[in-house]
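Report on one structure; see the data block that follows.
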Amino acid sequence: MAKNLLTAALLWLWLCLLTSAHAALVLGVVPYMSARKLATLYEPLRAELERSLQQAVTLESAADYQSFLERTRQGRYDIIATSPYFGRLAQLEQGYRPLARPLTDLEPLLVTRLDGIRELAQLRGQTVSTSDRLANLTLAAQRYLQQAGFRPGRDITIHPTGSHANSLAALLGGESAAAIVSVTALHQFGGDIDGKIRILARLPHTTPQLYLGHQRLGSVQLARLQQQLQTFANDTPQGRAFSRDLNHGGLRPVSAQDMRALDPYVRDLKGLLR
């Protein structure tokens with residue numbers, strides 16, 4: 001009898017441990033920077049979610065934007081911090097629900113070296129470096145350049161380099177005449193390239209990075225996550241530091257207008273994916 005009780009107790013404990021292991025939430029971050037940099041920037045959020053939800057939370061990214069998009073489609077991530085176009089696609093087709101967005105808008109920039117070209121017209125026949133062909137900044141820049149009379153692939157070459165750091169390195173190394181970055185990305189580099197680059201053009205602001213949760217978490221858990229994200233980012237010292245490091249300015253709910261404004265770019269994205 002005692003042996004049976006011991007066996008039952010051990011089985012129960014094993015099941016509890018197994019359930020706990022499978023209950024870990026996965027926070028996925030779009031790979032707009034190196035894995036090490038993303039880990040540094042998002043560790044405060046991961047730790048806070050783990051503490052407040054009293055549930056294990058792991059931080060993941062992907063090798064590139066294409067892989068991240070595919071993993072999002074597969075539902076690998078429970079929570080995503082993703083580019084706005086990916087976020088809108090995740091909402092429309094991949095079972096995710098918007099949770100929060102930064103208070104600051106996304107500000108795309110075309111930058112060049114201090115001793116580089118002086119006018120937008122001088123980009124004709126040149127190379128522009130960017131992080132990834134599917135990055136929101138790349139799509140925004142392509143749309144902007146087309147409206148300025150350039151034909152990407154003919155009048156101008158858009159060269160994906162794998163990360164913002166690589167894109168800026170290509171610019172500073174003379175491999176490209178300009179680079180596509182954002183105010184936020186420059187802020188996250190810590191200002192160590194100030195004095196080396198100059199803004200060639202400021203592109204229209206748009207909806208910034210989005211935080212979404214998968215619908216399988218349920219409405220109660222998603223509502224709790226939405227509140228926790230805002231409380232952390234806006235009302236705690238650690239969260240305000242997190243927001244400052246990411247140039248978020250804090251977090252707020254995502255409006256329907258925020259999401260609808262992304263639809264033209266989502267159409268561009270889906271055209272690239274076909």
Mind listing whichever residues of region 245-262 are surrounded by 13 or more Cβ atoms within 10 Å (Cβ to Cβ) and part of a helix (DSSP H, G or I)? 245, 258, 259
Just the residues that are touching a residue at least 40 places away in the same chain (Cβ under 8 Å), among the small types (Gly, Ala, Ser) and over 19 Å from residue 128 (Cβ atoms), please, taken from region 182-228. 195, 213
With the structure loaded, tell me whether residue 109 is touching a Lys or Arg at 6+ places or on another chain (Cβ under 9 Å) and either open to solvent by 40 Å² or more (accessible area, probe 1.4 Å) or of a type in the set (Ser, Thr, Tyr) (or both) or whether it fails that test. no
Region 74-91 - residue that is over 12 Å from the mean Cα position of the chain (by Cα) and over 10 Å from residue 262 (Cβ atoms) and, of those, surrounded by the fewest Cβ atoms within 10 Å (Cβ to Cβ): 74
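Can you say whether residue 66 is in contact (Cβ under 8 Å) with a residue 40 or more places away in the chain, open to solvent by 60 Å² or more (accessible area, probe 1.4 Å), polar (S, T, N, Q) and on the phi < 0 side of the Ramachandran plot, as far as the supplied structure shows?
The answer is yes for residue 66.
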State the number of residues belonging to region 16-42 that are open to solvent by 40 Å² or more (accessible area, probe 1.4 Å), modelled with pLDDT of 95 or more and either touching a Gly at 6+ places or on another chain (Cβ under 9 Å) or not aliphatic (A, V, I, L, M) (or both). 1
Residue that is farthest from residue 209 (Cα to Cα), among those in region 47-63 that are touching a helix residue (DSSP H, G or I) at 6+ places or on another chain (Cβ under 7 Å) and open to solvent by 40 Å² or more (accessible area, probe 1.4 Å): 56
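The values are calculated or read from the model by the stated rules, or taken from the named source; none is laboratory data. Worth saying up front: this structure is predicted, and the values here are computed from it rather than measured. Counting neighbours? That spans all protein chains shown, and the Cβs are built from the backbone with ideal geometry, glycine included. Protein only, heavy atoms only, side chains kept; ligands, DNA and RNA dropped before computing areas. Shrake-Rupley method; radii C 1.70, N 1.55, O 1.52, S 1.80 Å.
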